[in-house]
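Read through the structure below, which is laid out as structure tokens, and then see the notes.
The values are calculated or read from the model by the stated rules, or taken from the named source; none is laboratory data. Please read these numbers as outputs of a predicted model, since none were measured by experiment. Virtual Cβ from ideal backbone geometry, glycine too; neighbours counted across all protein chains shown. With ligands, DNA and RNA removed, areas are computed over all heavy atoms of the protein, side chains included. Shrake-Rupley method; radii C 1.70, N 1.55, O 1.52, S 1.80 Å.
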Amino acid sequence: MKPLIVAQITDCHLQNDPDHRYRGRDVEQSLVAVVDDLLEQGDAELILWTGDLVHHGALNGYSRLQNRLAALPLPSYWIPGNHDDVELMLQLGGRMNLRTIVEQDWVILLLDSTSQPDGQGSGQLAQTELDFLEQQLQRYQDYHCLVVLHHNPVPVESAWQDSIMLANSDAFWALLAGHRQVKGVVNGHVHQTRDQLYQGVRVLMTPSSSVQFKAGCDLMTLEDEPTLARPAYRLLQLYPDGRIATRVKRVAC
Ligand SMILES: [Fe+2]
């Protein structure tokens, strides 16, 4: 059984000036290292970019990213995070803005969770996004489904991060409860790895391509364990029987 192989890269936090560092890290260089590693693996069929792609929501970072993605030998799809400018992404992204990807036995649904920002990093799914999700799940009932969004829909046991998780996670999970074909939910935002079952659905969180946050902290704390602090990405193998195999790849740079 050959799986569909999908990569997730998240929270690149590209700066306006590529020489400017983000929390001490050269995030341009980190991203190059992550993408190079992914290409060396050679088997991913598409890349999901799950928000906070630039840090200041400005054109410079998107233009550099877009040029880089256009040159890749596999398609990319992007969604916004709380640091992004949704309108700019829609203007610049072309096919990268596709929200429904159907491949083999799987449908991948990409959601915008940046509605109602609280200015601290939180966001939620607008009613239009929930409607879209419901509609697509009805339409693709016979497919296994992976749902992709920026904000974590379950807490991570870090007080500062749990206060800025998906604000309307109750509505999200109530909707998914009616659609058993959803096998996985993938998010960014937390800059750390997590893999758990919630309501029978695999919830996968992924470290960033930039800097990582330490798990289980009341206040924002940068990861200081050298291996965990490396830039990273996730590979997912989506099997025809609905099974998901996945791993996080951390990249030395
Ligand atoms: Fe982020």
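For residue 201, no residue has an amide H sitting under 5 Å from its own, ignoring neighbours fewer than 5 places away on the same chain, with H placed 1.01 Å from N.
Of the solvent-accessible surface of the chain, computed with a 1.4 Å probe and all protein chains present, 48% belongs to carbon and sulfur. In terms of accessible area, using a 1.4 Å probe and ignoring ligands and nucleic acids, 76, 115 rank largest first as 115, 76.
Fully extending the segment from residue 199 to residue 220, taken as 0.36 nm per residue of separation minus the present Cα-Cα distance, adds 4.7 nm.
Rounded to the nearest 10 square angstrom, residue 218 shows an accessible area of 110 square angstrom against a 1.4 Å probe. Rounded to the nearest Hz, the phi-derived 3J(HN,Hα) couplings of segment 8-17 under the Karplus curve 6.51 cos²θ - 1.76 cosθ + 1.60 (θ = phi - 60°) are 10, 10, 9, 6, 6, 6, 4, 8, 4, 9, where x marks glycine and proline.
Based on the reciprocal of the average 1/r between different C-alpha atoms, the Kirkwood radius for segment 17-88 equals 13.0 Å. Measuring only protein heavy atoms, the 1.4 Å probe finds residue 64 accessible over about 60 Å². Calculated from the alpha-carbon coordinates, the chain shows an Rg and a Dmax of 16.7, 48 Å respectively.
The label point for residue 181 and the one for residue 118, both projected 7 Å from the Cα toward the Cβ, are 3.5 nm apart. The simple spin-label model puts a point 7 Å past each Cα toward its Cβ; for residue 139 and residue 104 those points are separated by 2.3 nm. Take the Cα of residue 67, step 7 Å toward its Cβ, do the same at residue 16, and the gap between the two points is 1.8 nm. Average accessible surface for the chain: 42 Å² per residue, computed with a 1.4 Å probe over protein heavy atoms with every protein chain in place. Of the residues 223, 103, 87, the one with the largest accessible area comes first in the ranking 87, 103, 223, computed with a 1.4 Å probe on protein heavy atoms.
Taking a ≥ b ≥ c as the square roots of the Cα gyration tensor eigenvalues, with a/c under 1.5 meaning rounded and otherwise prolate when a/b beats b/c, else oblate, which class fits segment 106-253? Oblate, because a/c is 1.5 or more while a/b does not exceed b/c. A viscosity of 1.002 mPa s and a temperature of 20 °C, combined with the Kirkwood radius over C-alpha pairs in the Stokes-Einstein formula, give segment 51-180 a diffusion coefficient of 137 µm²/s. Considering helices alone, the calculated mean residue ellipticity of the chain at 222 nm is -7000 deg cm²/dmol, with DSSP H runs of length four and up weighted by -39500 (n - 2.57) and normalised per residue. Farthest toward the positive end of the dipole of the chain, out of 197, 4, 133, is the Cα of 4, where the dipole comes from beta carbon charges about the Cα centre. Scanning residues 5 or more positions from residue 123 or on other chains, those with amide H under 5 Å from its amide H are 167, with H placed 1.01 Å from N in the peptide plane.
Once backbone amide H atoms are built at 1.01 Å from N, residue 189 has 11 as its partners under 5 Å, excluding neighbours fewer than 5 places away on the same chain.
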